Amino acid sequence: MNMLPETIEPITDAPGGFHPLFADVPSSVEFNKLRKRLLRLARQAIDDFSMIRPGDRWLIALSGGKDSYGLLALLLDLKWRGLLPVDLLACNLDQGQPNFPKHILPDYLNTYAIAHRIEYQDTYSVVTEKLPQGSTYCSLCSRLRRGHLYRIAREEGCSALVLGHHREDILETFFMNLLHGGRLAAMPPKLLNDDGDVMVLRPLAYCAEADLEKFAGAMKFPIIPCDLCGSQDGLQRNAMKAMLDDLEKRMPGRKDTMIHAMTNVRPSHLLDRKLFDFAALNETLTARQDVPDDI
């Protein structure tokens, strides 16, 4: 069951045909439903969180994984349909990982005439030199990558850096913060960077990882696996993923319910005194008690 409201009109076929990326996709009813569902949810997130400023330029972070490929394809599809009035620039940050197939992404992007920039920065050596073998690389690797992407966004005149994080990424982050960080926080669909000059957008916030995986298979994206963090076992995120998958298996629909809960927060029913003035309740009660009964 989808707990998200359908407040925008349904996705219909583009009047101008289709983007070249979709020239050889399956013609099955199942794929068409999957494609339209992902488009609707991406558009819903873009609309819900006011991501669009017409005329802006977005930098699409393209790692070579299923999620970033899906993000790029869906945004190009929305733009082709006239539903996304921004310019798009795909960007891959080659981080110097050994045996990284450098030709795959440029060849793919050039085949479909997709505007892009390939940037080489050896963050792999920095991460492996600074952290002992067997430690978790993800945090440092992500910070270094994000810094370079902000710089590239500025250089390319992009107002936003767009990332492929999906529903499961947000839920996993929420539970990592809850169980390990002692705070209620997740990945926001829209965030202004610390310098205040680049917006971070996550249009796939409502999209299920399983749908993106099916979409990637049907689209035949040339997936490039991550040999750095993606090869490490025992990460906290993997434990959260397993927990959520088990919960979804036992109680189908819980992931959608949890995402919906994040849009329906009641500060007065939590314990954060910075979000709700509990002391003021005393004054409210006293004021009501002082009102004469005959009024």
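The values are calculated or read from the model by the stated rules, or taken from the named source; none is laboratory data. Quick caveat, the model's predicted, so the values are computed rather than measured. Using ideal geometry, Cβ is built from the backbone for each residue, glycine included, and neighbour counts are taken over all protein chains shown. Only protein heavy atoms, including side chains, enter the accessible area calculation; ligands, DNA and RNA are left aside. Shrake-Rupley method; radii C 1.70, N 1.55, O 1.52, S 1.80 Å.
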With the first residue restricted to the range 188-205 and required to be surrounded by 17 or more Cβ atoms within 10 Å (Cβ to Cβ), and the second required to be basic (K, R), Cβ contacts under 6 Å at 6 or more apart or on different chains are P189/R202; L201/K190
Across the range 141-182, the tally of residues that are open to solvent by less than 30 Å² (accessible area, probe 1.4 Å) and more than 21 Å from P203 (Cα to Cα) stands at 2
Checking S63, S50 in turn, the sole residue that is among the hydroxyl-bearing types (S, T, Y), open to solvent by 10 Å² or more (accessible area, probe 1.4 Å) and either closer than 21 Å to H116 by Cα or modelled with pLDDT under 95 (or both) turns out to be S63
Quick count over the range 84-123, residues being open to solvent by less than 30 Å² (accessible area, probe 1.4 Å), within 21 Å of the chain's Cα centre (by Cα), more than 15 Å from A61 (Cα to Cα) and of a type outside the set (V, I, T), is 1
Note to self: For the range 259-268, check the following and say yes or no: at least one residue is under 18 Å from the mean Cα position of the chain (by Cα), open to solvent by less than 70 Å² (accessible area, probe 1.4 Å) and β-branched (V, I, T).
What the structure shows: yes
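Which residue out of A218, A210 is open to solvent by 40 Å² or more (accessible area, probe 1.4 Å), modelled with pLDDT of 95 or more and more than 30 Å from L270 (Cα to Cα)?
A210
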Of the residues in the range 66-83 that are out of contact with any Ser or Thr (no Cβ under 9 Å at 6 or more places or on another chain) and among the basic types (K, R), the one that is surrounded by the fewest Cβ atoms within 10 Å (Cβ to Cβ) is K79
- Task: Assess whether N32 counts as being in a loop (DSSP other than H, G, I, E, B) and not small (G, A, S).
- Result: no
